[in-house]
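Only one structure is covered here, and it is reproduced in the block below.
Read the figures in this text as sums done on the coordinates, not as results from a lab. The structure displayed is predicted, hence computed values, not measured ones. Here the Cβ is made from the backbone with ideal geometry for all residues, glycine too, and neighbour counts use every protein chain on show.
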Amino acid sequence: MESPPASPAGGDTTICIGSSAALGKAEKAGFEYAWQPAVGSWQNPVDTTAAEISVSPLQTTTYILYIDDTTAKPYTCKVEQWDTVTVTVIDCD
């Protein structure tokens, strides 16, 4: 069984208001990806199953990336991993 990438959500980053940030790493075959903002960040929803996404939050937001192994046989151990990344938003004016 293959492992998902290390730190798959990427590193924390800072952007200016109105800019975007690229999150995630290249997709690995055999894994499913699901992104969502952390609790309290409902103003910046994410609805994607891509390994790499672009976000443009209006305020500092932490995102959670969930990864599941799609190749695991029924009733066997399946890799389930999660990682977080924070996008800090600042006023650059």
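Label points 7 Å out from Cα along the Cβ direction at Ser19 and Trp82: separation in nm?
2.9
Rank by packing, highest mean first: peptides 81-88, 6-13, 59-66, with packing defined as the count of other Cβ atoms within 10 Å averaged across residues.
Order by mean packing, descending: 59-66, 81-88, 6-13.
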